[in-house]
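The values are calculated or read from the model by the stated rules, or taken from the named source; none is laboratory data. Since we're looking at a predicted model, the values are computed, not measured. All Cβ positions, even for glycine, are placed from backbone atoms using ideal geometry, and neighbour counts span all protein chains on display. When the accessible area is computed, the model is the full protein with side chains, heavy atoms only, and any ligands, DNA or RNA have been set aside. Shrake-Rupley method; radii C 1.70, N 1.55, O 1.52, S 1.80 Å.
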Amino acid sequence: MPSTKNKTWFEIKALANNEARIEIFEEIGYWGVTAKTFSDSLKALGDVQTIYLHINSPGGSVFDGMAIYNILKNHPANVIVRVEGLAASMASVIMCAGDEVIVPENALVMIHNPTGGAYGDEDEMRKMADVLAKVKAAIVSAYVSRSGRTEEEVAAWMSDETWFTGAEAVAAGFADKTDQPVELAACAHRMIANFTKAPDSLKNLSGTPTQTPATAAGKTGVITMPEPKTPATPVAKTEEEIRAQAIAGERARRDSIKAKFGVHATAHAELLNTCLDDMNITAVDAGDRLLKALGEGVTPSNKTTHISVVTGNAQFLQDAEQVLSARSGLLKASEVRKENGLRGYTLAELARATLELHGASLVGMDRMGMVGHAFTHNSGDFTRLLGNVAHKAMLFGYEDQEQSFREWTIKGTLSDFRPADRVGLESFPVLDKVPEGGEYKYATLADRGERIQLATFGKLFSITRQAIINDDLHAFTEIPKKMGQSAYRTVNKLVYAVLTSNPQMADGKALFHADHKNLLTGAAPSIASLGLARAAMRKQKDSANTVLNIRPGFVICPVALEDQINTIIAGEFDPAGGDAKVPNAIRNFATVISDAELDEVSASNWYLVAGRGYDTIEVAYLDGDESPRLEQQAGWTVDGVEFKVGIDAGVKARDFRTFQKNPYAG
């Protein structure tokens, strides 16, 4: 199960009789909790035969959502889904993984097109468009599989951001049956308000909605659906139950309105009381009236003011991330959205803005308390903002490093941390002559069984409330950037350590060994010594005594020898020939790569490595993801938020025949 110290967007509980209950009641894929954690938590329950999945979510990460859909779709258990209020966007995709789907009469299902953003030239924009098209195709496939509708129908509904009530979801094929109305929580209303095209009647929902979904044909035409199945007859409520429900609903309405006013409650007490006393005024209406009052109370001045009206937290987070990225040099100022009203905001001001966005009361709080509240607020917006910018800074640091090992190594993928055997086929034997009408014979291929295993490398850093109040951008941009650089250096060190540590291979002998015919006599770099190394590599044989004819591609050397070897290889004539101008027999035969990690062990040893396509050194990453990861949680040992930078990598030499070492002593 996920750590209770981390805020998660799902909860998985084991029930009796090999059953499990899953709740997805937040935005999918945030707080550093991934679909892999979801999968691991589900696997930890063992043999589960029935899964009860409860959903009340506005959606979230496309890739985490698709992964969860596939996990549930392929799980052997019977999956029963119930929408407790809202299944929108990717949450509606996950809903479609159910063997049985129940949507109460006043619950909602929303489908729409995936969205994404990109910065760059027209080629980058086209790439983003291509990605979105592929993502949409995958989502359409999930909807079609569940509903039985055509791809064209589903695609049209998605383009129109279509909302379905319980009965309409059944009629459209997304659900199997409706159920009695549920009492929608305040968070469900907040989630609905985050979508700009949600009908007003749904935003203010208090009973069974009557709004029909958007038309599938665009501005003309109307969706034609089969008659919905007759919903179950509601159980009659007693007068006492009805009164209790009404009181609870009114209390929730008043609490939501008070939250909307937040820090403005005292200055606009009369308006607040008016909204509280009128039962027809919803929290959304109250917020609109407050914004109007605030606008009327602004005194004109010569100071330029930027105002940005956002819907929900998506645009706010994007604007805030742009502003902080520009301030820290991760983004050009010209790339910040012109309408961005957060320009010039300090970190503390952004903390306050995230709280006000959700109507949090800040009455009586000093700056230290306000920032602490932003770190722990259940929306997670402020810590998510810091995490997004820190992650961008970390990747900037990682990718900004000169990554020489990528040029001559093999990138590999491992799915877990268990040792994995890399079966080497060495070579394909020479083909047999097949007589007319004869049979082909199976080849006998030898394998070496070199073993590779992942390891995790990482560090922690934290952002405190004091750093936010001091507007210390260094704390979460420069530090993660340097952590990203450190992640690269970690893998780089592992790669070059293979050459300098001379590890044991599967045959029990060191990588560079006389029996491997890849350990040369020590000699200074020259046309002659480089030529001997090239010839030795070309003459290598496999266990069947077949000549492999391996062509070298790289000379790997310490920085101390880089200029000398470059001069030798690039020269038109052999320097040893004097005035005779003997042509350079090895001119440009290989690319020279130097790295200071080699100088730390020997400033004179140099190596010849095979070109691309050969088994040299494999650098494997967990699931092929070579970028370092950034995870975060509310501070446990610090008063703020903690970040963990980590990378999962494994490095192993795949074959000794693709290397030659010259142990020149200098």
Exercise for the section: For the stretch 536-546, indicate whether the set of residues that are in a strand (DSSP E or B), modelled with pLDDT under 95, farther than 30 Å from K392 by Cβ and open to solvent by 50 Å² or more (accessible area, probe 1.4 Å) is non-empty. Expected result: yes
Completion exercise
Apart from one, (1) farther than 18 Å from E23 by Cβ; (2) open to solvent by 30 Å² or more (accessible area, probe 1.4 Å); (3) at pLDDT 85 or above; (4) of a type outside the set (F, W, Y) all hold for I111; the odd one out is (2)
Practice task
Please find, within the stretch 554-613, the residue that is farthest from M537 (Cα to Cα) out of those that are open to solvent by 20 Å² or more (accessible area, probe 1.4 Å) and of a type in the set (F, W, Y).
Solution key: F573
Exercise for the section: Please enumerate the residues belonging to the stretch 570-597 that are under 20 Å from A497 (Cβ atoms) and either at pLDDT below 90 or touching a Cys at 6+ places or on another chain (Cβ under 7 Å) (or both). Expected result: S594
Fill in the blank from the handout: Taking the stretch 368-384 and keeping residues over 16 Å from S462 (Cβ atoms), part of a helix (DSSP H, G or I) and either open to solvent by less than 10 Å² (accessible area, probe 1.4 Å) or at pLDDT below 75 (or both) leaves M370, D381
Exercise for the section: Could you tell me whether D123 is of a type outside the set (A, V, I, L, M, F, W, C), more than 17 Å from V144 (Cβ to Cβ) and open to solvent by 40 Å² or more (accessible area, probe 1.4 Å)? Expected result: yes
Completion exercise
When A533 is run through (1) at pLDDT below 95; (2) in a helix (DSSP H, G or I); (3) crowded, with 19+ Cβ neighbours inside 10 Å, the failure sits at (1)
Completion exercise
When every residue in the stretch 343-365 that is modelled with pLDDT of 75 or more and in a loop (DSSP other than H, G, I, E, B) is compared, the one most open to solvent (accessible area, probe 1.4 Å) is R343
Problem - Yes/no for A497 being surrounded by fewer than 19 Cβ atoms within 10 Å (Cβ to Cβ) and within 15 Å of A610 (Cβ to Cβ) - result: no
Handout entry: Test set (1) crowded, with 20+ Cβ neighbours inside 10 Å; (2) not in a loop (DSSP other than H, G, I, E, B) - D515 fails condition number
Key = (1)
Practice task
Kindly establish whether V559 is out of contact with any Leu (no Cβ under 6 Å at 6 or more places or on another chain) and more than 30 Å from N584 (Cα to Cα).
Solution key: no
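Condition check ((1) in contact with a strand residue (DSSP E or B) (Cβ under 6 Å, 6 or more places away or on another chain); (2) open to solvent by 30 Å² or more (accessible area, probe 1.4 Å); (3) farther than 23 Å from Q633 by Cβ) across all residues:
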| site | (1), (2), (3) |
| --- | --- |
| I12 | yes, no, no |
| E19 | yes, yes, yes |
| I24 | yes, no, no |
| A35 | no, no, no |
| S41 | yes, no, no |
| A67 | no, yes, no |
| A77 | yes, no, yes |
| I80 | yes, yes, yes |
| V103 | yes, no, yes |
